[in-house]
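> Okay, handing you the structure first.
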Amino acid sequence: MIDDMVVIRGGGDIATGIAHRLYRSGFKILILETDKPMVIRRTVSFAQAVFDGHCIVEGVKAIKVNNIKNAYDIWNEDHIPVMIDPDCAMTNELDAAVLVDAILAKKNLGTHKGMADITIGVGPGFFAGEDVDIVIETCRGHDLGRLIFTGSAQPNTGIPGEILGYGKERVLRAPCEGIIKTLYEIGDTVKKGQILAYVNEEPVRAALDGVLRGMITNDFAVTKGFKIGDVDPRGIKEYCFTISDKARAVGGGVLEGILYMKRRNTIDFNTGLCASRNAGRNI
C-alpha cells in the first residue's frame, strides 16, 4: 500500500482546492476525470489539464497522463497527474491508501468503502459509515468543511450561496439546449444586461455587474437550465484565478479526515495502544 497516495475523483474547483491542500501537505495526488469535464471555474480547476495537457493553480502544476507509469513519472517531477478514468478503474491497479470522491454530482456514482483503506465523500449523495468512512459538508455556513461520521451532508438546495446579497443572480444558465459560443474570457469585467454567450441563437445575459468568474468551455453541448458560468459581484479580478474560501475550507476538512482516519487506524482509542490497520479490502 502507498500510504501517501490519494486518488481524487473529479478535478473541478472544489476538488482542486482539496488536491492543492493535500499536495502541499506532502501527499501524492492522482486526479481522475472524464474525457470532457464540464467545469465552470476553469482557471482554478486541475480538470483543465484534460483539454490543455497541463495547467497551474496557485503554483501547483497538474499534467495529463495516459497510464500509471506516466503518473509515477509526474510524481517524480513533483507535479499532480490527471488521468481520464470516469469509472475509477485505476483503483484496481493502484494500492492507494485514500480515495476522495469530489465529483460533486449530488449522488454517489459508484464510490464504496472497498476502494481504499480511507474513503471520503464530498457533499451530498454519500452516507458516512456505509458508502464512505467520512462525508465532508459543502453547504456554506456554520458547518462548511465539517466531518460527518454518520449520515449525510445537507441536501442540495439548488440555490447558490450569496455574495454581496446576490445568489441565483450570479449564475449563468443555458436558455435552451444547444452548443454554447462564449464571447468573453474569465476575469473580464461585465455589466448587467450584457450578452456573455449564445446557446445556438439564444443570448445569455449578465444579471448583475461584476467579473466573469467562471464560464464553461466554448463549443460544449448543454441542456436547458444547465449552469454554464457565474458572475462575481465583488468585481475583483484576482479572485477568478485563486482557490475560493469554500474550496479551501472543504480541502481542510478532507485533510483533517485523512489524518483522523490514519490515527484511528493505528491507535485504539479505547486503550491507547497501537492497533492493526484495516484488512480485507474489497475492490
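> Hey, does segment 124-140 have a residue that's under 16 Å from Val250 (Cα atoms), of a type outside the set (A, V, I, L, M, F, W, C) and surrounded by fewer than 18 Cβ atoms within 10 Å (Cβ to Cβ)?
yes
> For a quick check of your reading of the model, give me the residue pairs whose first member lies in segment 102-122 and is free of Cβ contacts under 8 Å to residues at least 60 places away in the same chain, whose second is part of a helix (DSSP H, G or I), with beta-carbon atoms closer than 6 Å and at least 6 apart or on different chains.
Thr119/Lys113
> Inspect segment 145-162 for any residue being within 25 Å of Arg234 (Cα to Cα), in contact with a helix residue (DSSP H, G or I) (Cβ under 7 Å, 6 or more places away or on another chain), in a loop (DSSP other than H, G, I, E, B) and touching a residue at least 12 places away in the same chain (Cβ under 8 Å) and give the result as yes or no.
Let us first name the residues in segment 145-162 that are within 25 Å of Arg234 (Cα to Cα), namely 145, 156-162.
From what's left, in contact with a helix residue (DSSP H, G or I) (Cβ under 7 Å, 6 or more places away or on another chain): 145, 159-160.
Then keep just the ones that are in a loop (DSSP other than H, G, I, E, B); that gives 145, 159-160.
Checking which are touching a residue at least 12 places away in the same chain (Cβ under 8 Å) leaves us with 145, 160.
Scanning segment 145-162 turns up at least one residue that is within 25 Å of Arg234 (Cα to Cα), in contact with a helix residue (DSSP H, G or I) (Cβ under 7 Å, 6 or more places away or on another chain), in a loop (DSSP other than H, G, I, E, B) and touching a residue at least 12 places away in the same chain (Cβ under 8 Å).
> Here is a further query. Can you tell me which of Ile63, Ile56, Ile8 is under 13 Å from the mean Cα position of the chain (by Cα) and in the same structural domain as Gly121 (by TED's automatic domain parsing)?
Ile8
> Then there is this: Kindly list the number of the only condition in (1) in a helix (DSSP H, G or I); (2) surrounded by fewer than 19 Cβ atoms within 10 Å (Cβ to Cβ) that fails for Asp3.
Only one criterion is unmet by Asp3, namely (1).
> Let me ask something additional. Give me the pairs: first residue in segment 69-91 and more than 16 Å from Gly12 (Cα to Cα), second residue in a helix (DSSP H, G or I), beta-carbon distance under 6 Å, and six or more apart or on different chains, which are they?
Thr91/Met115
> Which ones in segment 37-77 are closer than 23 Å to Ala221 by Cβ, surrounded by 14 or more Cβ atoms within 10 Å (Cβ to Cβ) and charged (D, E, K, R)?
Of everything in segment 37-77, those that are closer than 23 Å to Ala221 by Cβ, surrounded by 14 or more Cβ atoms within 10 Å (Cβ to Cβ) and charged (D, E, K, R) turn out to be Arg41, Arg42, Lys64.
> Same structure, new question: If I filter segment 66-113 down to residues being aliphatic (A, V, I, L, M) and part of a loop (DSSP other than H, G, I, E, B), which single residue comes out as modelled with the lowest pLDDT?
Leu94
> Check segment 27-34 and report whether any residue there is assigned by TED's automatic domain parsing to the domain that holds Gly257, crowded, with 24+ Cβ neighbours inside 10 Å and either acidic (Asp, Glu) or farther than 25 Å from Gly253 by Cα (or both).
yes
> Still on this structure, I have one more. Could you tell me whether Lys262 is of a type in the set (D, E, K, R), in a helix (DSSP H, G or I) and crowded, with 17+ Cβ neighbours inside 10 Å?
no
> Of all residues in segment 200-259, which are surrounded by fewer than 16 Cβ atoms within 10 Å (Cβ to Cβ), aliphatic (A, V, I, L, M) and within 21 Å of Arg9 (Cα to Cα)?
Leu259
> How many residues does segment 203-224 hold that are in a loop (DSSP other than H, G, I, E, B), under 14 Å from Leu183 (Cα atoms) and either out of contact with any Phe, Trp or Tyr (no Cβ under 7 Å at 6 or more places or on another chain) or of a type outside the set (S, T, N, Q) (or both)?
Total meeting the criteria: 5.
The values are calculated or read from the model by the stated rules, or taken from the named source; none is laboratory data. All figures in this text were calculated on a predicted structure; none of them were measured in a lab. Don't worry about glycine lacking a Cβ; one is built from the backbone with ideal geometry, like all the others, and counts go over all protein chains shown.
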